[in-house]
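Inspection log for the structure reproduced underneath, given as structure tokens.
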Amino acid sequence: MNNLSVTVNNISKSYPNALALDNVSFDVKKSELFGIIGPDGGGKTSLFRILTTLLLPDSGTATLEGLDCVKDYKKIRNLIGYMPGRFSLYQDLSVEENLKFFATIFGTTIEENYDLIKDIYQQIEPFKTRPAGKLSGGMKQKLALSCAMIHKPEVLILDEPTTGVDAVSRKEFWEMLKRLNLAGITILVSTPYMDEAILCDRVALIQGGKILSTDTPQNIVNTFGKILFSVKTNNIHKLMNDLNEWSNTGSAYLFGQQIHLTLSNESLNEKDIIDYLTQKESSDIKVEKIKAGIEDTFMSLMTKQHHE
Amino acid sequence: MNNKAVITVKNLYKRFGNFVANDNLNFEVYEGEIFGFLGANGAGKTTAMKILCGLSKPSSGEISVAGFDAYKDTEKIKKSIGYMSQKFSLYEDLTIVENIMFYGGIYGMSIDDIKIRTEQLLQKLELTEIKDNLIKDLPIGWRQKLAFSVAIFHQPKIVFLDEPTGGVDPITRRQFWNLIYEAAQDGITIFVTTHYMDEAEYCNRVSIMVDGKIAALDTPEGLMKTYDAMNMEEVFLKLARA
């Protein structure tokens, strides 16, 4: 138990019209970078609100650094840094005032923990007199992270920090997280972007309030279990239609300019696919076996869950 | 898709004080085209989109949308376009049928027309039986479909999709792109922003804005060739980080 930072045991939570969390369990180890990966409405925010002591579960228990999320809520609040999904800083306070406010609430000062946030805060320090509401999206995100970090939390809980953020800023944000994580901080982060899963030590895939799978990203994609082909022709729309009509198609999903295809009959191979598409008068046909990624695996698990 | 321009932008500038948000933009969007409008946060995409939707006036330049001038005819532009974003699309406390009728009304369709086309739309989406359910009780996949259908309910020439798939699960996201293709094949021009780089590859042409300027505009294949990249994500990172 000693090396566990967060434990979640059979947590369920429902609202009048929806079941948000359905018997969810997983553990996060100390100093781990743990990702909760899943689309909106999956239950990520409810889960984080329970762990941050802002919401009571209907059933089940959760602990953070050995403390109970219901009984020990006051102690937990001092141990965690929480960045909610919605920008939650004071829009009419300046950058510096916000940071000072959060430091004061937690009984510390900016100077005391400046080293911890230096890398991030330096990037927005030139604008420290600007009201937080007037910052660009990327800068707001950096300020929110600084405010969540200023009291040197043991555990950082970040709810969709990269939603609506462009590909470049997303990459930079993950680089910042990695540095904090290497400094020993346990990080629990949620995201709807499947490609961010590989940046985590371990992930839980969540959909419709249920955990589909918990493991390292590599082990999760290893469970894909089917032969996956990447198929390309000169006309992707026609290709999609042709594959959807084919009796041997198991699944066919667009991935950029390719289609990722599994076959319901796994004794067939590349040649059979090429033969079928040639017969359909496609040209520039390219078929190759590829390794499944997190998004392939997520969709496969989603459809399995659907059929159960 | 043909080469008839439905959006023409020549030397578009938009300034806020000393800040140049749009710095000499030049491009055309063709009828029935799926046009991807990419850029980092703060690159000036939203500013340009607001101008194209008739919500904001350019500082200078010649801009025409659906044949209307972006200075004088903003009200006509608004009637000729549809708009949808993930953040805001349908009213959650209204029912399915109320949402459809509300949008029809806003766009000035006649009551008879609204009634007929509402029936047709409900049938097409197989929502007739649950038409009196509230939007908030609708699964996300259906909500997406309905939001898009409502945005093109008044049969606009162009539909603007502002990050329409943010936070949506990977299967629903792909189903949504099928709807986009269908609409494009019916001749509706699609102007779309996204942070998913695989979706950029589904567009006919893509423009990438960097610091208020259009840094690149081409087909996805052309961009990958020019920037010697395996995919659009690489193209984007090379351009936006440069």
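The values are calculated or read from the model by the stated rules, or taken from the named source; none is laboratory data. Every value quoted in this text rests on a predicted model; they were computed, and no experiment measured them. Cβ: placed from backbone, ideal geometry, glycine included. Neighbour counts: every protein chain shown. Remember, those area values only see protein heavy atoms, side chains included, never the ligands or the DNA or RNA. Shrake-Rupley method; radii C 1.70, N 1.55, O 1.52, S 1.80 Å.
Can you spot the lysines whose alpha carbon is less than 20 Å from A:Lys271's alpha carbon? Ignore those fewer than 8 places along the same chain. A:Lys271 reaches A:Lys226, A:Lys232, A:Lys238, A:Lys280, A:Lys286, A:Lys289, A:Lys291. Which of rounded, prolate, oblate describes region A:102-185, given a ≥ b ≥ c as roots of the alpha-carbon gyration tensor eigenvalues and a/c under 1.5 marking rounded, otherwise prolate only if a/b is larger than b/c? Note, shape of region A:102-185 comes out oblate. With the helix formula -39500 (n - 2.57) applied to DSSP H stretches of n ≥ 4, chain A reaches a computed 222 nm mean residue ellipticity of -10000 deg cm²/dmol. Note on A:Glu97 and B:Phe16: with the Förster distance fixed at 30 Å, the Cβ-Cβ geometry gives a FRET efficiency of about 0.75. For region B:30-118, GluC sites (Glu not before Pro) are listed when DSSP marks them as loop and at most 16 other Cβ atoms sit within 10 Å of their Cβ; the list is B:Glu92. Straight Cα distances below 16 angstrom link A:Lys13 to the lysines A:Lys44, A:Lys210, with same-chain residues fewer than 8 positions distant left out.
Considering only Cα atoms, the convex hull volume of chain A works out to 159 Å³ per residue.
For the residues A:Gly38, A:Gly81, A:Gly225, a GNM of chain A with alpha-carbon springs under 10 Å puts the largest fluctuation on A:Gly225.
Per residue, chain A exposes an accessible area of 46 Å² to a 1.4 Å probe, with every protein chain left in place.
With θ taken as phi - 60° and the Karplus curve 6.51 cos²θ - 1.76 cosθ + 1.60 applied, the whole-hertz 3J(HN,Hα) list for region B:183-191 is 4, 5, 5, 7, x, 7, 7, 10, 10 Hz, x standing for glycine and proline. Amide H contacts of A:Leu212 (H built 1.01 Å from N, in plane; Pro and chain starts excluded): A:Leu205, A:Ile206, A:Gln207 sit under 5 Å, all sequence-distant by 5 or more or on other chains. Under the combined filter of DSSP loop state and at most 11 neighbouring Cβ atoms within 10 Å, region A:191-294 retains these trypsin sites (Lys or Arg not before Pro): A:Lys291. A Gaussian network model of chain B, with springs between Cα atoms under 10 Å, assigns the largest mean-square fluctuation among B:Ile111, B:Ile34, B:Ile214 to B:Ile111.
Here the 3J(HN,Hα) profile of region A:218-227, calculated from phi with Karplus coefficients 6.51, -1.76 and 1.60 at θ = phi - 60°, is 5, 5, 5, 5, 5, 7, 3, x, 10, 6 Hz, Gly and Pro shown as x.
How high is the FRET efficiency from A:Arg130 to A:Ser213, r the C-beta distance, R0 60 Å, rounded to 0.05? The calculated FRET efficiency here is 0.90. Heavy atoms of the protein chains alone define the surface here; on that basis chain B has 45 Å² accessible area per residue at 1.4 Å probe size. Given the options B:Lys115, B:Lys124, B:Lys157, which has the most mean-square fluctuation in a GNM of chain B, springs set between C-alpha atoms less than 10 angstrom apart? Top of the fluctuation ranking is B:Lys124. Calculate how many DSSP beta bridges within chain A are antiparallel, expressed in % of all such bridges and rounded to the nearest 5. So the antiparallel bridges amount to about 65 percent of the total. Cross-link pairs exceeding 30 Å between alpha carbons, from the set A:Lys118/B:Lys238; B:Lys10/B:Lys157; A:Lys142/B:Lys45; A:Lys29/A:Lys71; A:Lys140/B:Lys72: A:Lys140/B:Lys72.
Seen from every direction in turn and averaged, the convex hull around the alpha carbons of chain B projects onto 13.5 nm². For the protein assembly as shown, the share of accessible area belonging to carbon and sulfur comes to 49 percent (1.4 Å probe, ligands and nucleic acids excluded).
Once both labels are positioned 7 Å from their Cα atoms along Cα-to-Cβ, the gap between B:Ile140 and B:Ile116 label points is 3.8 nm. The A:Met176 and A:Ser247 beta-carbon pair, evaluated with R₀ = 56 Å, returns a calculated FRET efficiency of approximately 0.70. Could you state the angle between the C-alpha long axis of helix B:140-151 and the longest principal axis of the C-alpha atoms of chain B, as a value from 0 to 90 degrees rounded to the nearest 10? In chain B, helix B:140-151 runs at an angle near 80 degrees to the longest axis. Each principal axis of the Cα cloud of the protein assembly as shown was evaluated for its coordinate range; sorted largest first, these ranges are 66, 64, 52 Å. Here the relative contact order of chain B, from alpha carbon pairs under 8 Å that lie six or more residues apart, stands at 26 percent. When the accessible areas of B alone and A alone are added and the area of the pair subtracted, with a 1.4 Å probe, the result is around 2500 Å², both sides summed.
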